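Throughout, read-outs are computed from the coordinates displayed, never taken from laboratory work. These numbers come from a predicted model, not from an experiment. For neighbour counting, all protein chains shown are included, and Cβ atoms are generated from backbone atoms with ideal geometry for every residue, glycine included.
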């Protein structure tokens, strides 16, 4: 069996997401399984090169995982012809310049989102990548969650009939940091550092809605900072300048209406941290991270509104569980699956729809959501050709 080695410059993997999901659960997991299988029967083995600002952290991480190369000099890593792919998991303000440097060096680029701090900048990255002729992709991990894969199966099978609406609930309580440690880094709550739930989550909702139901044509949103003071990793109080909750109404192509609440200030009273209810003329479904339950038109009961009597039926029991149907091994890690797709895109030229233009549409939705909130109005998102 023929194997090829693909050098991957990984910038920002000392952070939680970059380390856990991208380095350990994706790139190193792919290395442990013997690489990415190609259509011709050969395999591509990934060789990570760690890049960051903290030499001590990089050295420790490289030794822990038997990684041969690391550096604090991005230019050095990009100059090495053995490295064909650049991956970015840095904080958003540092991302744009690094990706432009990678494009200038002729590297294929795979990146976390948002791709840039503004739509114009994100679109500029997409055009620069196209002009350079490099392959480019954006992480769109939630499409590969078991619950949403089941939902995709239902849509493809025509289960819903005509889809009418989507209602999403995402979030959990993030502690302020004074009497219990916060579960998220403090920069998430400072707009000057690229924080805010709108820029974080609307980039996700853009590709989820687009790939499952249709592109967003208009948005009406309200972004709020419910908790104005938080405490950082060192116990120091700071002003929370970024939004910690957003309540949004999305109009999709085809007349579908989507409502999604995103909040780091909500206590969970649902089965999973994110859930989407989809209602159609023929049936409905509720999909989360892993589960998906359905209620078909033929099995829909007849609830009767009567506030004078207690409810005697359990509404949750009236729904049917959608089976995994993904083989005995179950569903693979969504980040890893998309990494494998991007590697095949680079090496075997297989299709990869999650490109920089898709990333730019996500940034545009976040930007439009913030504009809607600031000006108290509906914002239309005109379609600018297939590229954006």
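Just a few scattered comments:
- The chain: angle of helix 119-132 to the longest principal axis, Cα-based, in degrees nearest 10: 50
- In nm, spacing of pseudo-spin labels at residue 315 and residue 265 (7 Å Cα→C-beta vector): 2.7
- Each of 43, 297 was scored by other Cβ atoms within 10 Å of its Cβ. Arranged with the fewest first, they read 297, 43.
- Spin-label pair residue 4-residue 73: with each label point 7 Å from Cα along the Cα-Cβ axis, the two points sit 2.9 nm from one another.
- Part-to-part distance (alpha-carbon centres) for region 165-241 and region 357-377, which is given in Å: 14
- Each residue, residue 64 and residue 94, gets one label point 7 Å from its Cα in the Cβ direction; the gap between the two is 1.7 nm.
- Taking 283, 133, 171 as the candidate residues, the one with maximal mean-square fluctuation in a Gaussian network model of the chain, Cα springs under 10 Å, is 133.
- Cα gyration tensor, region 91-174 - rounded (a/c under 1.5), prolate or oblate: prolate
- Gained length - residue 118 relative to residue 17, 0.36 nm times residue gap less alpha-carbon distance: 34.2 nm
- The three principal axes of the C-alpha atoms in the chain carry coordinate ranges of 73, 54, 42 Å, sorted with the longest axis first.
- Once the Cα-Cα distance is subtracted from the 0.36 nm per residue extended length, the residue 300 to residue 165 segment shows a gain of 46.9 nm.
- Rounded, prolate or oblate (a/c below 1.5 giving rounded, otherwise prolate when a/b exceeds b/c) for region 158-257 by Cα gyration tensor: prolate
- Taking other C-beta atoms within 10 Å as the exposure proxy, 339, 319 rank 319, 339 from fewest upward.
- Candidates 39, 146, 351, ranked by Gaussian network fluctuation over the chain, Cα under 10 Å, top entry: 39
- Rg and Dmax of region 206-248, based on Cα coordinates, read 15.8, 44 Å.
- Candidates 158, 12, 177, ranked by Gaussian network fluctuation over the chain, Cα under 10 Å, top entry: 158
- Whole-angstrom gap from region 72-144 to region 244-294, using each part's C-alpha centre: 31
- Tilt relative to the chain, helix 334-348 - C-alpha long axis, 0 to 90 degrees, to 10: 50
- MRE, 222 nm, helices only [DSSP H, n ≥ 4, -39500 (n - 2.57), over the chain, to nearest 500]: -8500 deg cm²/dmol
- Debye log10 I(q)/I(0) for region 197-330, one point scatterer per Cα, at q = 0.11, 0.16, 0.20, 0.21 Å⁻¹: -0.60, -1.05, -1.27, -1.32
- With Cα atoms, 0 to 90° folded angle of helix 356-375 axis to the chain main axis: 50
- Scaled radius of gyration (Cα, divided by 2.2 N^0.38 Å) that region 13-96 gives: 1.13
- Residues 153, 31, ranked from the fewest to the most other C-beta atoms within 10 Å, line up as 153, 31.
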